[in-house]
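The values are calculated or read from the model by the stated rules, or taken from the named source; none is laboratory data. These numbers were taken from a predicted model, which means no experiment stands behind them. Because the Cβ atoms are built from the backbone with ideal geometry, glycine has one as well, and the counts that use them run over all protein chains shown. The accessibility values were calculated without ligands, DNA or RNA, using every heavy atom of the protein model including side chains. Shrake-Rupley method; radii C 1.70, N 1.55, O 1.52, S 1.80 Å.
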Amino acid sequence: MRRSATFAVLVTLLSAALCPVPVTGQELQTNPRPALPYPPSVSVESQCGPIDDLEPVEFYAGSLGVTVDYVRQNEPSTVLFQWLSSQDIRSRLPEDLTGNIAGRRWCTGTLISESLVLTAGHCFDVQRNQNGWISPFRLGPDGQAAYEPPETLATLFTVQFGYQLSRQTSLLRTPYSFPVEQLVEFRRGGLDYAIVRLSKNGNGLEAGSIAAPATVGVTPTSAGNRLAIIQHPNGEPKMIGAGALLKASGNDLFYDDIDTLGGSSGSAIRDEQGTIAGVHTHGGCLTEATPGKINANAGVDIQAIAAVSDVF
């Protein structure tokens, strides 16, 4: 295929990505869309209640029902997933077009060992413009796009520790960056989770030397128990949201009073002790317009993940 034809195909895909179908408030209430960032020009928040009560982790003063010490102890293991730059993706995949994801701050995750990070499975799903995003692909002789699989996409990320505002300066801290080496587990048992392995950083350090790994919960959590989600909403500096478990049902946990945004996907749902009770995957809150219907933010119960994983 000539370069001009290749460029035309890419322009068509990107044009569709940047002009998505508008999302109305009513659709958002029942939207099963995974909590990935929205593409440029779209900003839809899964805010629960009249205000956004997310707070930067280092500025948190205890207003959400968990203590300042709780946040201080548990935030270091929360990480940000960010796509490599266009240049770096092209160097890895010289035959590919990079789509529109390069450099994007994408998902949240949690360090669970010296080098393993737990996050949502859909963070590594192929993006075929279904939600306005396009992940790297090659054009075949027939002009059809051949998208890179999740195993390859995972290795096109870096993980950032400490991407947050400093209380002392109110400026962004310089994060510690680690490359993703391998997709270790992905959607086992049909569950929306993934585990990746990080390589050592440029200084030869393991991720576990930067932050203590989080503890995985072994006791099922119950309705009404306090939960906290330390997250990178919309790829922003690290924040804390907290509330209560609304309901545990099947493999899922539901909570209708914890704010999240696209980009909060993969955050650990932490219990009152700070241990991982689940993985946040979907937004949408319970409203008076749909009484009794569970449209709350939701995530996968860690007990279900542990039942199929070789890591836990």
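What the table shows:
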item	result
Extreme residue, nearest to Cys123 (Cα to Cα), among residues of the stretch 55-96 that are in contact with a strand residue (DSSP E or B) (Cβ under 6 Å, 6 or more places away or on another chain) and among the aliphatic types (A, V, I, L, M)	Leu80
Test result for Gly189, within 21 Å of Gly278 (Cα to Cα), out of contact with any Asp or Glu (no Cβ under 6 Å at 6 or more places or on another chain), small (Gly, Ala, Ser) and surrounded by fewer than 19 Cβ atoms within 10 Å (Cβ to Cβ)	yes
Every residue from the stretch 236-257 that is within 30 Å of Leu171 (Cβ to Cβ) and touching a Cys at 6+ places or on another chain (Cβ under 9 Å)	Gly241, Gly243
Subset of the stretch 123-135 [outside any strand (DSSP E or B) and touching a strand residue (DSSP E or B) at 6+ places or on another chain (Cβ under 7 Å)]	Cys123, Phe124, Val126, Gln127, Ser135
Enumeration of residues in the stretch 113-153 that are in contact with a Phe, Trp or Tyr (Cβ under 8 Å, 6 or more places away or on another chain), surrounded by fewer than 23 Cβ atoms within 10 Å (Cβ to Cβ) and under 15 Å from Leu183 (Cα atoms)	Val126, Glu148, Pro150, Glu151, Leu153
Residues located in the stretch 71-80, provided they are touching a residue at least 60 places away in the same chain (Cβ under 8 Å) and either under 10 Å from Leu156 (Cβ atoms) or open to solvent by 10 Å² or more (accessible area, probe 1.4 Å) (or both)	Gln73, Asn74, Glu75, Pro76
Within the stretch 94-112, considering residues that are open to solvent by 20 Å² or more (accessible area, probe 1.4 Å) and in contact (Cβ under 8 Å) with a residue 60 or more places away in the chain, the one nearest to Gly243 (Cα to Cα)	Ile112
Odd one out for Val180, checked against (1) more than 19 Å from the chain's Cα centre (by Cα); (2) closer than 27 Å to Asn251 by Cβ	(1)
Odd one out for Val216 among (1) farther than 21 Å from Leu64 by Cβ; (2) surrounded by 21 or more Cβ atoms within 10 Å (Cβ to Cβ)	(2)
Residue in the stretch 169-177 that is touching a Lys or Arg at 6+ places or on another chain (Cβ under 9 Å) and surrounded by fewer than 20 Cβ atoms within 10 Å (Cβ to Cβ) present	no
Filter result for Arg173 (under 27 Å from Val311 (Cβ atoms) and of a type in the set (D, E, K, R))	no
Residue list for the stretch 209-266, restricted to those being within 22 Å of Ala306 (Cα to Cα) and of a type in the set (Val, Ile, Thr)	Thr215, Val216, Val218, Thr219, Thr221, Ile229, Ile230
Pairs, first within 16 Å of Gly266 (Cα to Cα) in the stretch 142-158, second among the charged types (D, E, K, R) and exposed (fewer than 14 other Cβ atoms within 10 Å of the Cβ), C-beta under 8 Å, six or more apart	none
Selection within the stretch 92-110 - under 30 Å from Val71 (Cα atoms) and in a loop (DSSP other than H, G, I, E, B)	Gly103, Arg104
Filtered residues of the stretch 298-310 (kept if more than 17 Å from Leu227 (Cα to Cα) and at pLDDT below 95)	none
Complete set of residues in the stretch 154-163 that are open to solvent by 10 Å² or more (accessible area, probe 1.4 Å) and either hydroxyl-bearing (Ser, Thr, Tyr) or touching a helix residue (DSSP H, G or I) at 6+ places or on another chain (Cβ under 9 Å) (or both)	Thr155, Thr158, Gly162, Tyr163
Qualifying residue in the stretch 19-30 (condition: among the charged types (D, E, K, R), outside any loop (DSSP other than H, G, I, E, B), modelled with pLDDT of 95 or more and farther than 21 Å from Arg128 by Cα)	no
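Here is a yes/no grid of residues against (1) aliphatic (A, V, I, L, M); (2) surrounded by fewer than 20 Cβ atoms within 10 Å (Cβ to Cβ); (3) modelled with pLDDT of 90 or more:
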position: Asp252; (1), (2), (3): no, yes, yes
position: Glu272; (1), (2), (3): no, yes, yes
position: His280; (1), (2), (3): no, no, yes
position: Ala289; (1), (2), (3): yes, yes, no
position: Lys293; (1), (2), (3): no, yes, no
position: Ala296; (1), (2), (3): yes, no, no
